[in-house]
Amino acid sequence: MTDAAVPEPSPGGAESSRPRPHSAESSRPRPQYGEYATPEEQRARIRQPDVTVALDAGRVVEQAAPVGAPAVAAPSADVVPTRRRAVDRIVTFALLAYGLVNVISSFPAFLDYSAYADTMFTVLGVEAELSDPASGRPWGIAAALLLTVGWLATAAVSWWSVSKGRLTWWIPLVAGVLFTFLAGVLMVIPLMNDPAAWEALLGTLR
């Protein structure tokens with residue numbers, strides 16, 4: 001009895017059933033749509049198709065923000081300037097109101113120059129009288145008009161500056177000091193023209 005011929009194992013028998021790794025020489029097309037991608041990479045490709053290029057190039061893909069997440073609003077850079085402008089407006093209008101009260105309250109004294117001179121002599125402790133009290137009335141009227149025009153001009157300039165968003169509080173402050181000084185100079189001129197009264201005033205300064 002002859003032995004049956006045992007088929008010889010083919011050279012590629014055991015190994016032919018194993019899947020061969022993909023190589024550049026293989027005719028099998030290279031995966032294009034993420035068969036070997038991780039779940040995170042697949043979700044990133046679905047949400048943002050542009051990340052495919054980054055993944056193929058070997059770059060790290062940043063974690064995408066969850067869909068529908070509310071965007072956090074950045075603090076506005078105009079908050080501080082807006083507060084400063086609000087404070088500037090309040091101070092500006094307060095100074096204008098204070099200046100208007102001073103202008104109105106000065107009218108009675110300026111229009112009655114004789115009473116103004118007597119009050120000044122009393123405050124300074126000077127024993128003197130005007131030789132011609134009526135001569136000072138035109139100067140008192142001029143001083144009152146100067147304060148009125150000065151306040152109106154200051155209010156107009158301040159309003160224009162505020163409307164332009166500029167720093168304005170210093171305008172009524174400087175203008176108030178300036179026009180008050182000029183009005184005081186006008187009120188002193190009649191005293192300088194009265195030799196007796198002026199000599200008595202100079203005596204208190206010596």
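Its alpha carbons considered, the stretch 72-174 gives a radius of gyration followed by a Dmax of 20.9, 80 Å.
Extension gain for VAL174-ASP118 works out to 17.2 nm (0.36 nm per residue, less the C-alpha to C-alpha distance). Counted residue by residue at 0.36 nm each, then reduced by the alpha carbon distance between them, the extension gain from GLU199 to ALA134 reaches 21.5 nm. Entry comment: accessible area of the stretch 141-189 is 58 Å² per residue, from protein heavy atoms only and a probe of 1.4 Å. Could you please report the charge total around VAL126, scoring K, R as +1 and D, E as -1 over all other residues with beta-carbon less than 11 angstrom from its beta-carbon? Cβ neighbours under 11 Å give a net charge of -4. With both labels modelled 7 Å from their Cα along Cα-to-Cβ, the ARG85 to LEU145 distance reads 3.9 nm. If the chain linking GLU127 and SER163 were pulled fully straight, counting 0.36 nm for each residue of separation and taking away their Cα-Cα distance, it would gain 7.8 nm. Carbon-plus-sulfur accessible fraction, the stretch 102-157 (probe radius 1.4 Å, protein heavy atoms only): 69%.
The values are calculated or read from the model by the stated rules, or taken from the named source; none is laboratory data. Treat the numbers as computed from the prediction; the structure is a model and nothing was measured. So basically every Cβ, Gly included, is an ideal-geometry build from the backbone, and we count neighbours across all protein chains shown. The area values use the complete protein model at the heavy-atom level, side chains included, leaving out ligands, DNA and RNA. Shrake-Rupley method; radii C 1.70, N 1.55, O 1.52, S 1.80 Å.
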